[in-house]
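Engineer: I'd like to ask some things about the structure below.
Any read-out appearing in this document is the output of simple, stated calculations on the displayed coordinates, not a laboratory observation. These numbers come from a predicted model, not from an experiment. Quick reminder, even Gly has a Cβ in these numbers, built from the backbone with ideal geometry, and neighbours come from all protein chains shown.
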Amino acid sequence: MSLKTSFAVVVVSAGIVNAQVINFETLPDGSTPTDNQQLPLGLVYTVPFDGGTLDVTIGFDVDLDGVVESPAVFEAVGSDPITGFQGFGADQASPFFAEQLGQWFIRSESALGSSDPIGILIAEYSQPVPGAAGEIWDIDGNEQWEIRGYRAGETQPTATVISPTTGLNGEPWIFSLADQDVGFSRLEIEYVGTRALINVGLAFNNFSTSESVPGPTILTTQPFDEVRNTDGFEEVTIYWSVPVTLVEDDITVVTNDGFALDVPIDITGSGTQVTTVIFRGPPGGGGGGANDPLINGSYLITIDDRARATSDNVPIDGDNDGIAGGDAQFVVTHRCLADLADPAGVFDLSDITAFIGSFVDECE
């Protein structure tokens, strides 16, 4: 007897917008699961895709032979002796993200508190898809997950994303990956962290089976590129497309040269569309003092993709490829008014020559 159904999951998640998702609030036939109920191996979710439908099956490969042999399990949100994660209570999200979690998610048979192998979550498709996205909840304490997308018949992934290891107590981490040339036929999620398995559970939700999702992007910065004055600049302001949550450790500033000296910083504006990076010491210094202008040089600013949209935790799209994830980098430069020739920050005969040439030509 075939296990395939024709039920189409069409609910749009609060966390993954503009995409059809499986939110695990129901079984493939539309019925409501019971707590700790297995999702039978081979049971098919059928979702809208490319003018037709796409079949998706989900299970776990526990013995790591590439074949699913262990079912996923539905977990109800709220206190329960068997749990998928421990956030703001057993299987409970941070209050800000409670609606995004919903009432149900799926986990492995090896629940929180078990030292048994979690295995690799495997989602297999009836046809290639150009992207995928989903949520893993409550990553903290040296937990880490690797998500891989595979083309049909291939053993090496064409796209890989690795999660952060902490900082998401009762919150989702959202992965997004794409293969728009050929497409994925298989998605894998594997635990690769160092935290003991007895303290780790996989809580998986809001699975966008066929679409990657975009992340926040930088609209502009102030200053942008090069500053020419006598005083340097004490801060850089970053303007985002949407409010972004980040911490000081998510941003690094270094001299843009072979020494790459760290610049001490503070930040303000987390949770808003405007992040300000304040310089607190000279390159290579200890920091902690008053604002210390950057002067006479070029500086590389990197924002790690741990920075995320405040509303739903989608990582920034730092590389501007339309897919959430990827660090953002840009360079700002200060030049003394007498620094007229490249390289910036070096005062030599070439600056004098440039001045004389400009003076003789009357700045033409």
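Engineer: Roughly what angle does helix 349-360 make with the longest principal axis of the chain, taking Cα atoms, 0 to 90 degrees, to the nearest 10?
Structural biologist: Here the helix axis deviates by roughly 70 degrees.
Engineer: I would also like to ask the following. Using the Cα centre of the stretch 218-335 as the reference point, and only Cβ charges (+1 on K/R, -1 on D/E), how large is the resulting charge dipole? Debye, rounded to the nearest 20.
Structural biologist: Numbers: 5 positive and 19 negative charges, 49 e Å.
Taking the Cα centre of the stretch 218-335 as origin, the dipole is about 240 debye.
Engineer: Please work out the Kirkwood hydrodynamic radius for the stretch 158-254, using every pair of different C-alpha atoms, and report it in angstroms with one decimal place. Please list the in-between numbers first.
Structural biologist: Details: mean 1/r = 0.0563 Å⁻¹.
Evaluated over the stretch 158-254, this radius sits at 17.8 Å.
Engineer: Next question. Please sort 181-192, 197-208 by packing, taking for each peptide the average over its residues of neighbouring beta carbons within 10 angstrom, highest first. Write down the numbers at each step before the final one.
Structural biologist: Details: 181-192: 18.4, 197-208: 23.4.
Going by the mean number of other Cβ atoms within 10 Å, highest first, we get 197-208, 181-192.
Engineer: If you don't mind, there's one more thing I want to ask. Can you compute log10 of I(q)/I(0) for the chain with the Debye formula, treating each Cα as one identical point scatterer, at q = 0.08, 0.09, 0.13 Å⁻¹?
Structural biologist: Each listed q corresponds, in turn, to -0.49, -0.59, -0.99.
Engineer: Over the stretch 38-208, how many percent of alpha carbon pairs lie in each 5 Å bin up to the one with the longest distance?
Structural biologist: Result returned by the calculation: 2, 9, 18, 22, 22, 15, 9, 3, 1, 0.
Engineer: Using the Cα atoms of the stretch 218-335, I'd like the radius of gyration and the largest Cα-Cα distance, Dmax, both in angstrom.
Structural biologist: My reading of the Cα-based Rg and Dmax gives 13.8, 43 Å.
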